[in-house]
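Engineer: Take a look at the following structure, please.
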Ligand code: TXA
Ligand code: MG
């Protein structure tokens, strides 16, 4: 059993106080765990060069050792400590999208311990666009391995409170800089395949990437336009404890929701653009919807509802990342 005292330290998201950054960097240099904000979600950081420190991440999250971590860097000289080298296509993406929510999978530098990469020859790396994250990496003078700061397969955290809810007593420090901006995790692109492969859709869209480097391919189980893939094809992830169901047809919802309500159960409906006043009204723009998605799911999950019903967003590429998170959250666990 892990039992630690978890401290929360408020920090200015735009101009992080040097004292707070130094305190967090000291914790990291001692091999312990610090949750910190990025522009996507909160990350759970440890020294990426120290296998013992990284093993504490897996322990705190209950994460399977086979699932590799993203390494966070603050500049290109640190990038050269993490990857063996980077091709021209990586340089093109880096100059356009870093710092920012684009993670690149590249051949790993031997300095990166196997525990970070699940024993594999590649490493996922990104430069986060958040003043606190960048200051922390710079001050600790080491790359930080950081998955999202939640228990494995549960909802990702977009506030320090979400981190506390999932990891209190299991980690050492939480830097609280308020809610994160994009609200969903970075786009993950594998540059070791030809053409590059989209492993996880995210805030940087396929069209933006292709405009820069030409065609990319999508991983087979990534939901794309067309009918939903069968749930068995997807890993359950990003899931609330309350059963979550997606619906495409509002007429069906009205029928089923009234049946559920009639049998005494409580149902909350999250409608896109909101037509029902009892429902949470979600933004109609995909970026704003993504920014709110996990916070909304955390809130709904704390209401002890029998079921959460969410309208499936449009089947367009713009909504790919949101559909991916929703589909995984709605997948029944094994
Ligand atoms: O926005 C984000 O990316 C956040 C913040 C904290 O930076 N981090 C994050 O980490 O979402 P995590 O561990 O929750 O997700 C990392 C994803 C996983 O799907 C993992 O399988 C994939 O990246 N990944 C990591 N290393 C990989 C590798 N070498 N090859 C392929 N996929 C990899
Ligand atoms: Mg995660």
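No value in this document is a laboratory result; all are computed from the given coordinates. Since we're looking at a predicted model, the values are computed, not measured. Cβ atoms come from the backbone with ideal geometry, glycine included; neighbour counts cover every protein chain shown.
Engineer: If you restrict to DSSP beta bridges whose two residues both lie in segment 80-189, what percentage is antiparallel, to the nearest 5?
Structural biologist: 60
Engineer: Could you work out which residue, out of 87, 201, 314, moves most in a Gaussian network model of the chain, that is, has the largest mean-square fluctuation with Cα springs under 10 Å?
Structural biologist: Looking only at 87, 201, 314, the largest GNM fluctuation is found for 87.
Engineer: Taking 45 Å as R0, compute the FRET efficiency from the Cβ-Cβ separation of residue 6 and residue 316 and round it to 0.05.
Structural biologist: 0.65
Engineer: Continuing with the same structure: Mind listing P(r) for segment 125-208? All alpha-carbon pairs, 10 Å bins, whole percents.
Structural biologist: All Cα pairs considered, the percentages come to 14, 41, 34, 10, 1.
Engineer: Would you kindly state how much longer the chain becomes between residue 66 and residue 251 on full extension, computed as 0.36 nm times their sequence separation minus their alpha carbon distance, in nm to one decimal?
Structural biologist: Taking 0.36 nm per residue and subtracting the Cα distance, the gain is 62.3 nm.
Engineer: While we're looking at this one, here's another question. Could you compute Rg(Cα) / (2.2 N^0.38 Å) for segment 7-213, with N its residue count?
Structural biologist: 0.93
Engineer: DSSP beta bridges in the chain, what fraction antiparallel, as a percent rounded to 5?
Structural biologist: So the antiparallel bridges in the chain amount to around 35 percent.
Engineer: Please compute the modelled spin-label separation between residue 95 and residue 219, points set 7 Å along Cα→Cβ, answer in nm with one decimal.
Structural biologist: Modelled inter-label distance: 2.9 nm.
Engineer: Per-residue counts of other Cβ atoms within 10 Å, averaged by peptide: what ranking do you get for 185-197, 2-14, highest first?
Structural biologist: Highest-to-lowest ranking by the protection proxy: 185-197, 2-14.
Engineer: Would you mind ranking 182, 152 by Cβ crowding within 10 Å, fewest neighbours first?
Structural biologist: The order, fewest Cβ neighbours first, is 152, 182.
Engineer: From Cα pairs below 8 angstrom and at least 6 apart in sequence, can you work out the relative contact order of the chain, rounded to a whole percent?
Structural biologist: Reported relative contact order: 20 percent.
Engineer: By how many degrees, between 0 and 90 and to the nearest 10, does the Cα long axis of helix 18-29 differ from the longest principal axis of the chain?
Structural biologist: 80
Engineer: Could you please state, rounded to a whole Å, how far the C-alpha centre of segment 136-158 is from the C-alpha centre of segment 17-70?
Structural biologist: Taking the Cα centre of each part, segment 136-158 and segment 17-70 sit 5 Å apart.
Engineer: Return P(r) of segment 1-85 (all Cα-Cα pairs; 5 Å bins starting at 0; whole %; ordered from short to long distances).
Structural biologist: With 5 Å bins starting at 0, P(r) equals 3, 11, 21, 25, 22, 13, 5, 1.
Engineer: Quote to one decimal, in nm, the extra length available between residue 77 and residue 210 on full extension: 0.36 nm per residue of separation minus the C-alpha distance between them.
Structural biologist: Separation in residues times 0.36 nm, less the Cα-Cα distance, equals 45.2 nm.
Engineer: Restricting to DSSP H runs of at least four residues, report the calculated mean residue ellipticity at 222 nm for the chain, -39500 (n - 2.57) per run over all residues, nearest 500 deg cm²/dmol.
Structural biologist: -9500 deg cm²/dmol
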